Amino acid sequence: MRAGQTYHPENQHEELILAPVRAISSRDRTLWGALVGILFIGVIVYIRQFILGLGVTGMNRPIYWGVYITNFVFFIGLAHSGTFISAILRLAGADWRAPLTRAAEAITLFSLPFGVASILVDMGRPDRLLNIILYGRFQSPLLWDFTAVSLYLFSSVVFFYLSLLPDIALCRDRLTHVPTWQQRMYQILALGWKGTPTQYHRLEKTLDGMAIFMSLVVVTVHTVVSWVFGMTIQPGWHTALIGPFFLLGAIFSGTAAVVIVLAILRKTYKLAEALPISLFNSLRKLLIVFTLSWLYMMVAEHLTIFYGNLPDEMEVFWQRVTGDFAWIFWLMIFLVFIIPLYIFIFKGKDSIKWMVAASIMVNVGMWLERYIVILPTETRPRLLYELVQGKYTPTLTEWAITLSLFAGLTLLYAVFTRFFPIVPLWETVEKLEPEKFNLRQRPTFGRKRKERK
Amino acid sequence: MTKWSMVIDLDKCVACQGCSIACRFENNTPIVVPSEAALGRSILWNEVFPLRSEGEGAIASDQAKFLTRPCMHCEDPPCVKVCPVGATYKDEEGIVRQNYTRCIGCRLCTVACPYGVRYFNWYEPDWADSIERPLNPDRLEGPRDLEGPSVRPQGVVEKCTFCIHRLHKARERAKAEGRDFRSDEYVPACVQTCTGKARFFGDLDDPESTVSQLAQSRRAFRLLEDAGTHPKVIYLHEG
């Protein structure tokens, strides 16, 4: 390697992976336009809500929290996909995960802002957001949330950006025909990356270190999210299981989301070779484990309540199982557990279509699960539950804003994939010229790992 | 130290809802249209509930029991615990207060309160023209505070304050007259108006006060005692 030259590891799929970056088609523009349109409608609807007040939603007393908070929990849950796959599996040494790390991390990165947005949308006085910093009380679970989610967002950006760095440099050097501003963007973002062995060594070391940190954060964040509910003494919420259950649900829906995203990328960007079907099979095994763990949590929680038979708890229990929310509850059981488990075990192998179908069901079901955890408790207040029985019908405002949040997530994702390679190039290299750059000998914490092959 | 407390004798309560109305006018509680009320968005700091009767021989409707419910002003308030910005707080005399200028409207306190005494302003408060004029002019505000009957902005939580402005006024009066303030100089509007004289108010730390003595009664109980909130509103059983 000569001075002033940048080294890029040779990736046999380089052309394939960079192809989507080069071409923004008219179909993209239509999609982006449509998504911006939906987002715009959401903004208008939100401005109306901001001016008139939260009365335009279906929330009332005692249903003080509704779809917005459900969205918050769901988006933060979705965000767990990336960190799980790129950090936890990184530490576990599951090398198969390499091609899908970025696709998964991007879900994390782009769904977190919409989780935060959901909270803002739900606030009665978003103009007083700064009060959280000015007068913040660390005794409040909401402040734990605020801290955990900001930390998660910040560290995800860093983690994502670091692992993107060598590929930005690659874009800078390879994509010479792109518009000047894009070229400049790559130049600035690449931070003068040269790809020297020292740089790769440092990068790997940093990413390993951060993976440990991220794994801790990911567990903390969703547990803390659940504590907003769990720390109150309301029946149905006040259970020690709520933290682990939320965490499991988060990783479950997150991993299912990765399947959906991968399938879309694979098809629309023709990445079949870079994203082999074996990835889906590996995810399938994980998903089977998560589906069963979900059942375990579900049984543990509901059997404890049922057997204990405490009057306040049972009001909420029956509200879920046979009451106003029964159809959602049983639909959820089918969407999250029964059908997906059948598909994952018997149909999912080597079949992307079945995997996607089941993953969509899991995600819809997990949204319903969040709803089922939050709402029934509110409809049966501890005191006088026979007198102040809550009824809640979300209004068009809430659905429009919800839709626009999902549109926003899709938009960020779609735009990102047209400007940056969505399959990490440097992490999936086959030929590493080991005599020069012995890069795959990662410094891991603990024991040194065996060289592959 | 003063510890403000209320005793409600259910034996004397005639369920006239006078307390609820007095509270409404004293504290400038916004009025909602019937369709909003049907959604459960009416604001009644002092709500009156028909009480369910348990077990055999459920009492016929003409004998129905009622429960009037102000804020419990818990000694260990779950709402104060969870507020992220300290907009709701327990002052040194045990009154759980709400600062409308600091509240961010997250509604964590409303879901945390097991008694449902906290209300949210879904819209900008609105009064019919005829009611607009006689709003209670009492104000409790500072540069960063807006409390008590002061008209609330949209999007904040409000609740019973034991008529905190009355306490302030009584204190000011005593000060102006150059004497010490006595704890029997102030009662909330609901106590003053109660038709059946079922409500008592005073200092629970003073063993001589009516509330302290009534609190010793065998009929005394508190709502959701097992919730560990230690309410300072004490009820007296019927019969």
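The values are calculated or read from the model by the stated rules, or taken from the named source; none is laboratory data. Nothing here was measured: the structure is a model prediction, and the numbers come from that model. Please note: Cβ atoms are built from the backbone with ideal geometry, for glycine as well, and neighbour counts cover all protein chains shown.
Select from segment B:144-161 the residues that are over 21 Å from B:Tyr123 (Cβ atoms) and away from every other protein chain (no Cβ under 14 Å) and list them in ascending order.
Filtering segment B:144-161 down to residues over 21 Å from B:Tyr123 (Cβ atoms) leaves B:144-145, B:161.
Residue satisfying the conditions is B:Thr161 alone.
Out of A:Tyr269, A:Tyr296, report the one residue that is at pLDDT 90 or above and either acidic (Asp, Glu) or over 20 Å from the mean Cα position of the chain (by Cα) (or both). Full working, then the answer.
Values: A:Tyr269 fails: at pLDDT 90 or above.
Among A:Tyr269, A:Tyr296, only A:Tyr296 is at pLDDT 90 or above and either acidic (Asp, Glu) or over 20 Å from the mean Cα position of the chain (by Cα) (or both).
For segment B:12-31, which residues satisfy the criterion of being part of a helix (DSSP H, G or I) and among the β-branched types (Val, Ile, Thr)?
B:Ile21
Find the residue count for segment A:302-327, including only residues that are buried (at least 18 other Cβ atoms within 10 Å of the Cβ) and over 14 Å from A:Thr377 (Cα atoms).
0
Restricting to segment B:49-89, and then to whatever is buried (at least 17 other Cβ atoms within 10 Å of the Cβ) and more than 10 Å from chain A (Cβ to nearest Cβ), can you tell me which residue is modelled with the lowest pLDDT?
The extreme case among them is B:Thr68.
Return the pairs, sorted by first residue and then second, in which the second residue is modelled with pLDDT of 95 or more and hydroxyl-bearing (Ser, Thr, Tyr), the first residue lies in segment A:124-144 and is within 16 Å of B:Cys79 (Cβ to Cβ) and surrounded by 21 or more Cβ atoms within 10 Å (Cβ to Cβ), the beta carbons are less than 9 Å apart, and the residues are 6+ apart or on different chains.
Here the result reads none, with nothing in segment A:124-144 linked to a residue that is modelled with pLDDT of 95 or more and hydroxyl-bearing (Ser, Thr, Tyr).
Against the conditions (1) touching a residue at least 12 places away in the same chain (Cβ under 8 Å); (2) over 28 Å from A:Asn363 (Cα atoms), where does A:Ser26 fall short? Just the number, please.
Every listed condition holds for A:Ser26 apart from (1).
Picking from A:Leu271, A:Leu292, A:Leu279, which residue would you name as being within 29 Å of A:Leu165 (Cβ to Cβ) and in a helix (DSSP H, G or I)?
Details: A:Leu271 fails: in a helix (DSSP H, G or I); A:Leu292 fails: within 29 Å of A:Leu165 (Cβ to Cβ).
Within the list A:Leu271, A:Leu292, A:Leu279, the selection yields A:Leu279.
Can you tell me which residue is farthest from A:Val373 (Cα to Cα) among those in segment A:238-274 that are in contact (Cβ under 8 Å) with a residue 12 or more places away in the chain and of a type in the set (D, E, K, R)?
Out of the qualifying residues, it is A:Glu273.
Inspect all residues belonging to segment A:157-168 and state whether any of them is within 30 Å of B:Cys106 (Cα to Cα), away from every other protein chain (no Cβ under 11 Å) and not aromatic (Phe, Trp, Tyr).
Scanning segment A:157-168 turns up at least one residue that is within 30 Å of B:Cys106 (Cα to Cα), away from every other protein chain (no Cβ under 11 Å) and not aromatic (Phe, Trp, Tyr).
Name the residue, out of B:Asp180, B:Asp226, B:Asp205, that is surrounded by fewer than 18 Cβ atoms within 10 Å (Cβ to Cβ), part of a loop (DSSP other than H, G, I, E, B), charged (D, E, K, R) and without any contact (Cβ under 8 Å) to a residue 40 or more places away in the chain.
Answer to the selection: B:Asp180.
Could you list, in sequence order, the residues of segment A:80-122 that are among the charged types (D, E, K, R) and free of Cβ contacts under 8 Å to residues at least 12 places away in the same chain?
Passing the criteria: none in range.
Which residue pairs have Cβ atoms closer than 7 Å, lie 6 or more positions apart in sequence or on different chains, and pair a first residue in segment B:90-107 that is farther than 14 Å from B:Gly148 by Cα with a second residue that is basic (Lys, Arg)?
Cβ pairs passing all conditions: B:Glu93/B:Lys3; B:Gly94/B:Lys3; B:Gly94/B:Lys232; B:Ile104/A:Arg125; B:Ile104/A:Arg128; B:Gly105/A:Arg125.
Tell me yes or no: at least one residue of segment A:225-238 is more than 30 Å from A:Val429 (Cα to Cα) and either more than 14 Å from chain B (Cβ to nearest Cβ) or touching a His at 6+ places or on another chain (Cβ under 7 Å) (or both).
The answer is yes; a qualifying residue exists.
When only residues in segment B:90-104 that are at the interface with chain A (Cβ under 10 Å from one of its Cβ atoms) and surrounded by fewer than 24 Cβ atoms within 10 Å (Cβ to Cβ) count, which is nearest to B:Ile164 (Cα to Cα)?
B:Asn99
Take A:Ile69 and tell me if it is buried (at least 20 other Cβ atoms within 10 Å of the Cβ) and within 14 Å of chain B (Cβ to nearest Cβ). Step through it out loud before you land on a result.
Numbers: buried (at least 20 other Cβ atoms within 10 Å of the Cβ): yes; within 14 Å of chain B (Cβ to nearest Cβ): yes.
So A:Ile69 passes the test.
Quick one: how many residues across segment A:159-189 are part of a loop (DSSP other than H, G, I, E, B) and at pLDDT 85 or above? Steps first, please.
Residues of segment A:159-189 part of a loop (DSSP other than H, G, I, E, B): A:175-179.
So of that shortlist, the ones also at pLDDT 85 or above come out as none.
Looking only at that region, the number is 0.
Please work out which one of (1) modelled with pLDDT of 90 or more; (2) surrounded by fewer than 21 Cβ atoms within 10 Å (Cβ to Cβ) is the condition A:Val225 fails and give its number.
Just one mismatch for A:Val225, condition (2).
Out of A:Ile51, A:Ile69, which single residue is assigned to a helix (DSSP H, G or I), at pLDDT 90 or above and out of contact with any helix residue (DSSP H, G or I) (no Cβ under 9 Å at 6 or more places or on another chain)?
A:Ile51
I need the full set of residues from segment A:258-282 which are touching a Gly at 6+ places or on another chain (Cβ under 9 Å) and not aromatic (Phe, Trp, Tyr), in order please.
A:Val258, A:Asn281
Could you check A:Glu430 against (1) at pLDDT 90 or above; (2) within 27 Å of A:Leu283 (Cβ to Cβ); (3) over 21 Å from the mean Cα position of the chain (by Cα) and say which number it fails?
(1)
From the list B:Tyr119, B:Tyr89, which residue is hydroxyl-bearing (Ser, Thr, Tyr) and within 24 Å of B:Gly40 (Cα to Cα)?
Going through B:Tyr119, B:Tyr89 in turn, the sole match is B:Tyr119.
From the list A:Phe245, A:Phe280, pick out the single residue that is in contact with an Asp or Glu (Cβ under 7 Å, 6 or more places away or on another chain), surrounded by 17 or more Cβ atoms within 10 Å (Cβ to Cβ) and aromatic (Phe, Trp, Tyr).
Numbers: A:Phe280 fails: in contact with an Asp or Glu (Cβ under 7 Å, 6 or more places away or on another chain).
Every option except A:Phe245 fails the conditions.
From the list A:Tyr371, A:Tyr342, which residue is within 20 Å of the chain's Cα centre (by Cα), of a type in the set (Phe, Trp, Tyr) and part of a helix (DSSP H, G or I)?
Only one candidate qualifies: A:Tyr371.
Are there any pairs, at least 6 apart or on different chains, whose C-beta atoms fall under 7 Å, with the first in segment B:148-176 and within 29 Å of B:Gly105 (Cβ to Cβ) and the second of a type outside the set (S, T, N, Q) and assigned to a helix (DSSP H, G or I), and if so, which?
So the pair list comes out as B:Gly148/B:Ile164; B:Gly148/B:His165; B:Pro149/B:Glu26; B:Pro149/B:His165; B:Gly155/A:Leu54; B:Val157/B:Cys109; B:Cys163/B:Glu26; B:Cys163/B:Ala189.
If you scan segment A:79-110, which residues turn out to be part of a helix (DSSP H, G or I) and within 16 Å of A:Asp145 (Cβ to Cβ)?
We begin by selecting, within segment A:79-110, every residue part of a helix (DSSP H, G or I); these are A:80-91, A:95-110.
Once the filter is applied, which keeps residues that are part of a helix (DSSP H, G or I) and within 16 Å of A:Asp145 (Cβ to Cβ), segment A:79-110 yields only A:His80.
From the list A:Gly82, A:Gly58, which one is within 14 Å of chain B (Cβ to nearest Cβ) and surrounded by 14 or more Cβ atoms within 10 Å (Cβ to Cβ)?
A:Gly58
Answer yes or no as to whether A:Asn131 is under 27 Å from B:Cys109 (Cα atoms), out of contact with any strand residue (DSSP E or B) (no Cβ under 7 Å at 6 or more places or on another chain), more than 8 Å from chain B (Cβ to nearest Cβ) and of a type in the set (S, T, N, Q).
Values: under 27 Å from B:Cys109 (Cα atoms): yes; out of contact with any strand residue (DSSP E or B) (no Cβ under 7 Å at 6 or more places or on another chain): yes; more than 8 Å from chain B (Cβ to nearest Cβ): no; of a type in the set (S, T, N, Q): yes.
Answer is no for this residue.
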